[in-house]
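Working notes for the structure below.
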């Protein structure tokens with residue numbers, strides 16, 4: 001199954017729901033960053049949330065960034081998504097390892113530890129909007145649920161999951177987000193709550209072979225709902241040697257001159273996709289000339 005997201009509305013637009021399957025993009029991220037299982041789970045959950053929150057953006061050039069900083073061995077997660085739900089991200093310590101938690105699951109909360117979640121929305125109009133909360137559990141879905149309730153006053157239910165196989169490959173990954181609008185009736189709210197309480201984990205649903213369309217029907221089957229959009233999802237980094245060259249030029253002549261005088265090749269690294277961009281002294285001299293023009 002290719003990665004994709006469904007955006008739907010129900011009960012006369014008083015409920016909106018997103019369902020995403022993200023196995024392929026989480027696998028790509030795990031391969032790029034050589035993550036341990038718990039790091040794959042933390043990164044995969046956050047990437048999935050990024051895809052969903054990207055689908056909530058309105059402007060073509062809008063961006064949303066999820067930045068988690070914690071005191072645990074993982075130290076943090078950084079994920080950025082655009083309005084097409086192209087997503088990229090990394091964990092601070094991809095080799096973090098912890099034993100399974102008390103219920104035999106990957107201990108994402110323990111790996112992240114106490115810390116903060118920052119949501120940064122850049123809509124291209126001056127300073128970006130920044131919201132921040134203290135982490136509730138470090139399990140990511142619970143933290144985002146709390147963020148939406150406190151920072152945006154939107155009742156939200158979120159389920160995020162990554163199932164890592166014994167060979168460290170990604171067996172399943174995906175997420176569900178449900179938001180209640182102010183005009184949602186008590187009957188609708190009660191019905192949604194009952195459905196969610198009876199729901200197994202999101203990875204279990206995918207493991208059982210359910211598609212996002214079928215998951216929507218499981219959750220909203222008793223309500224009048226309509227699918228507004230189906231969009232493909234992917235891990236995409238927009239870095240390139242040309243972009244790095246522009247960044248080097250923007251440093252100014254003095255910085256470039258100092259690099260040239262060291263007489264060594266430099267290697268610039270993109271944290272998001274783990275790509276390396278080496279520059280020889282001759283290339284730096286060419287950039288220095290470009291910076292002077």
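The values are calculated or read from the model by the stated rules, or taken from the named source; none is laboratory data. As the structure is a computational prediction, the values presented were derived from the model and not from experiment. Note: ideal-geometry Cβ built from the backbone for every residue, glycine included; neighbour counts use all protein chains shown.
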Seminar exercise, completed: Of all strands (runs of 3 or more DSSP E) fully inside segment 38-133, the set with 1 or more residues that are modelled with pLDDT of 95 or more, crowded, with 17+ Cβ neighbours inside 10 Å and over 12 Å from the mean Cα position of the chain (by Cα) is 63-70, 76-82, 115-122
Exercise. Would a scan of segment 224-235 turn up a residue that is surrounded by fewer than 19 Cβ atoms within 10 Å (Cβ to Cβ), out of contact with any helix residue (DSSP H, G or I) (no Cβ under 7 Å at 6 or more places or on another chain), closer than 21 Å to residue 64 by Cβ and at pLDDT below 95?
Worked result: no
For this session: Using the structure shown, decide if residue 264 is in contact with a helix residue (DSSP H, G or I) (Cβ under 6 Å, 6 or more places away or on another chain) and either at pLDDT below 90 or loosely packed, with under 13 Cβ neighbours inside 10 Å (or both).
Result: no
Exercise. Among (1) touching a residue at least 12 places away in the same chain (Cβ under 8 Å); (2) more than 18 Å from residue 156 (Cβ to Cβ); (3) out of contact with any strand residue (DSSP E or B) (no Cβ under 8 Å at 6 or more places or on another chain), which single condition is residue 13 missing?
Worked result: (2)
For this session: Would you check if there is a residue in segment 166-177 being free of Cβ contacts under 8 Å to residues at least 60 places away in the same chain and over 17 Å from residue 142 (Cα atoms)?
Result: yes
Problem set entry | Filtered residues of segment 45-74 (kept if touching a helix residue (DSSP H, G or I) at 6+ places or on another chain (Cβ under 7 Å) and over 12 Å from residue 20 (Cα atoms)) | 64, 66, 68, 70, 72, 73, 74
Exercise. Within the bounds of segment 190-208, is there any residue that is modelled with pLDDT of 95 or more, under 19 Å from the mean Cα position of the chain (by Cα) and closer than 25 Å to residue 59 by Cα?
Worked result: no
Exercise. Which numbered condition trips up residue 32, out of (1) within 25 Å of residue 210 (Cα to Cα); (2) modelled with pLDDT of 95 or more; (3) out of contact with any strand residue (DSSP E or B) (no Cβ under 7 Å at 6 or more places or on another chain)?
Worked result: (1)
For this session: Could you tell me whether any residue of segment 107-120 is over 26 Å from residue 206 (Cα atoms) and out of contact with any strand residue (DSSP E or B) (no Cβ under 9 Å at 6 or more places or on another chain)?
Result: no
Exercise. Residue 267 versus (1) outside any loop (DSSP other than H, G, I, E, B); (2) under 30 Å from residue 30 (Cβ atoms); (3) in contact (Cβ under 8 Å) with a residue 24 or more places away in the chain: which is the lone unmet condition?
Worked result: (3)
For this session: Can you give me the number of residues within segment 270-293 that are at pLDDT 90 or above, over 21 Å from residue 88 (Cα atoms) and not in a helix (DSSP H, G or I)?
Result: 3
Seminar exercise, completed: residue 214: passes all of (1) under 26 Å from residue 24 (Cβ atoms); (2) part of a helix (DSSP H, G or I); (3) not assigned by TED's automatic domain parsing to the domain that holds residue 27 but (3)
For this session: Determine, yes or no, whether residue 200 is part of a helix (DSSP H, G or I) and in the same structural domain as residue 82 (by TED's automatic domain parsing).
Result: no
Exercise. What do you reckon, is residue 162 touching a strand residue (DSSP E or B) at 6+ places or on another chain (Cβ under 8 Å), under 30 Å from residue 225 (Cα atoms) and surrounded by fewer than 19 Cβ atoms within 10 Å (Cβ to Cβ)?
Worked result: no
For this session: Please determine, by comparing only the residues of segment 237-261 that are part of a loop (DSSP other than H, G, I, E, B) and surrounded by fewer than 17 Cβ atoms within 10 Å (Cβ to Cβ), which one is nearest to the chain's Cα centre (by Cα).
Result: 238
